[in-house]
Amino acid sequence: MGEYRIDMQGGDDAVLLIHGLTGSPFEMKYLARRLYRAGFTVKGPCLAGHCKSLADLKKTGWQDWYQSVADTFLELKRQYATVSVAGLCMGALLALRLSAEFKNKVAAISLLSTTLSYDGWSLPWYKFLLPFAYYTPAGYIYSFKEREPYGIKNKALRVRIVEGMKEGSIAHECIPGVSMRELFKLINETKKLIPHVKTPTLILHAQEDDLASKENALYVQKNLGASDVRLVLLDDSYHMLPIDNQRDVVADETIAFFKGYVTVIQKKRTLRVPMAPNTASDKKMASLNLG
């Protein structure tokens, strides 16, 4: 898989995009373009071990994936007025963790197909055993193979994506057992942090998500510590929301949510800027206030 990054220089407000496990920033490309056209600077790194071979991925763990996100966030924070974050699947978990660590430094987050449990309709009946299987010795040799419908409801698009997966150009066809084990560790850690996330949050999830049911989104909505949480359930998409039938809805909702909080932050900053004294009496009062 060739290394692919999103780096679009726009305005003073930035958005960090986080792809999913075994995927690449390609998954977020359409959303990136829409955000850029809306005036945002957009950056989407390859997570550690991704965009390369499965052997490279196996050498990394969830802490490495998170470090890729944290490093990019800090880089953006040093250069731009605000930084919002959107993550897909495992990327949503990393966005939650980032918000728990950096708190109000994150302007807003958009969680796409948050995956705390693999309980979608396309998975086998024994799916509830998956977390246990990956903690056994078999987890070192077993791989979870992607299967129909590959998270995509749009049939024509699904054909093109599957071809790309077979070529290894945009994502891998399977998830190594060791990587799944790391994902389950990340899930357990993220569940502990969700109540501590105070960042304004948009939750987007498909009613018919084939990998992670809408119960995942409802769990986040119920347990999140943020005072502003917006949940949008989509009726014509599967798991891969940023590229499926309702990708425009995903983009519209995310742009509107992020712009809303960028405006709020800008207004707060304006109110905090002291006005320069214009008259002699104003100057005298200012000098008295300064002690």
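Computed from the coordinates by the stated procedures, all read-outs in this text should not be read as laboratory data. No experiment lies behind these values; they were computed from the predicted model shown. Here Cβ is always computed from backbone atoms with ideal geometry, including for glycine, and neighbour counts include all displayed protein chains.
Å³ per residue of the Cα convex hull, for region 172-215? Can you show the working numbers first?
Numbers: hull volume 5.2 nm³, N = 44.
Per-residue hull volume (Cα only) is 118 Å³.
Given that compact globular proteins tend to follow 2.2 N^0.38 Å, what is the ratio of the alpha-carbon Rg of region 231-272 to that value?
1.58
Considering only Cα-Cα distances, which of the following residue pairs are longer than 28 Å: LYS58/LYS103; LYS214/LYS268; LYS58/LYS155; LYS58/LYS105; LYS77/LYS192?
LYS58/LYS103; LYS214/LYS268; LYS58/LYS155; LYS58/LYS105
Need one number: convex hull volume per residue for region 26-118, Cα atoms only, in Å³. Write down the numbers at each step before the final one.
Numbers: hull volume 9.9 nm³, N = 93.
Cα convex hull per residue, to the nearest whole number: 107 Å³.
Based on the Cβ-Cβ distance of LYS59 and VAL264, what FRET efficiency does E = 1/(1 + (r/R0)^6) give at R0 = 41 Å, to the nearest 0.05?
0.45
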